[in-house]
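Notes to accompany the following structure.
Throughout, read-outs are computed from the coordinates displayed, never taken from laboratory work. Predicted model, so just to flag it, every value in this text is computed and none were measured. Positions of Cβ are backbone-derived with ideal geometry, glycine not excepted, and every protein chain shown enters the neighbour counts.
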């Protein structure tokens, strides 16, 4: 594929967990790629690389430990450093994953919509990225998948057919599906009530799923025909679902909660003061709360009092990610991993050239805002 914009991304530690790191690169020559470290019980990692972008995992690391990694490939080497996350307190209880901004049905990318997939791959790039993300999340151990909106590129029947194919590809994986602004962008409502042969519901108000150690609350914050979101219809119901839970809550929405009334970056989400007042009320509730959104196609995190907020980027454009959540008795760990399938990485590497290369710097976010451990305050424990 002809490159547009910046050079390929260099070898880098992309994701860290409590016992593993994900190393990614944009362009290395064909041949073996190995990663080694002298730390603890770490196992050397190796892949037989076919050339171009790639990824490998280094496992067996100790929690909260700084390591130096030697990455070698045909004709070159790099020294990388990383610090693994602390493990959340207590026993592990469950794992789940989220994806967002799949934009199934899209054919171009970039501010001027001039970037197109010229790889001759038989599967469109949004679908092969999304499918690989789900498969990798399942292999990681996710017992539930939350799709946080913009599952389709436009509210058209043919785009929903792509989504039906995707959800039916994983019939044994429980899923939660909420709309984003692209799912409801038609003048006349076309969005189906359920998706696929498995009849997965589109949540159009508020619903929840209880897993060991966490309640997942999913809500529709869309405004038909507009990119911005609103809490007017669903805010009180979200608060009620969180308040009545006997465990920590994870709130999944599409649009991000802004700090300011006017957006400081594009696209606009849910403006303050409504966002701030909503977060103030969540902060006053008894149990820990995490709020996670998509929409912005970037990776960021911040705190509002006791509430942790995260934004997770798209599956289908640079850097091309999914998020995994490991729930323990005393906390939760978020890891944002790049989709490692070669056919996905080939496209996402190309897509980093959007906005004349500025997208390559804006979207990824800092490593410590992608991957983090949030221990419950006061050493609280939820079995």
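The GNM of the chain, with springs linking C-alpha atoms under 10 angstrom apart, assigns the highest mean-square fluctuation among 71, 358, 372 to 358. Arranged from fewest to most other beta-carbon atoms within 10 Å of their beta carbon, 101, 283, 220, 48 become 48, 283, 220, 101.
The equivalent ellipsoid of segment 271-379 has semi-axes of 29, 17, 9 Å, largest first, where each one is the square root of 5 times an eigenvalue of the Cα gyration tensor. The value obtained for the chain, namely the Cα convex hull volume divided by the number of residues, is 132 Å³ per residue. If R0 equals 56 Å, the separation of the Cβ atoms of residue 119 and residue 276 corresponds to a calculated FRET efficiency of about 0.80.
Going from the residue with the fewest nearby Cβ atoms within 10 Å to the one with the most, 161, 349 rank 161, 349. Give me the distance between the Cα centres of segment 324-383 and segment 269-291, rounded to whole Å. Between the Cα centre of segment 324-383 and that of segment 269-291, the gap is 22 Å. Within the listed set 79, 155, 311, the residue fluctuating most in the Gaussian network model of the chain (springs between alpha-carbon atoms under 10 angstrom) is 79. A compact globular protein would have a Cα radius of gyration near 2.2 N^0.38 Å; the ratio found for segment 1-94 is 1.18.
Which residues in segment 128-155 have a backbone N closer than 17 Å to a point placed 7 Å from the Cα of residue 188 along the Cα-to-Cβ line? Only 155 fall inside the zone, counting backbone N under 17 Å.
Between the beta carbons of residue 381 and residue 62, assuming R0 = 22 Å, the FRET efficiency works out to 0.45 to the nearest 0.05.
Applying 0.36 nm per residue to the separation of residue 165 and residue 140 and subtracting their alpha-carbon distance, the gain on full extension is 6.8 nm. Of 24, 371, the sequence from fewest to most neighbouring Cβ atoms within 10 angstrom is 24, 371. A straight chain from residue 199 to residue 286 at 0.36 nm per residue would run longer than the Cα-Cα distance by 27.8 nm. Each 5 Å bin from zero up to the one holding the largest Cα-Cα distance in segment 162-203 carries the following percent of pairs: 5, 22, 33, 22, 13, 4, 1.
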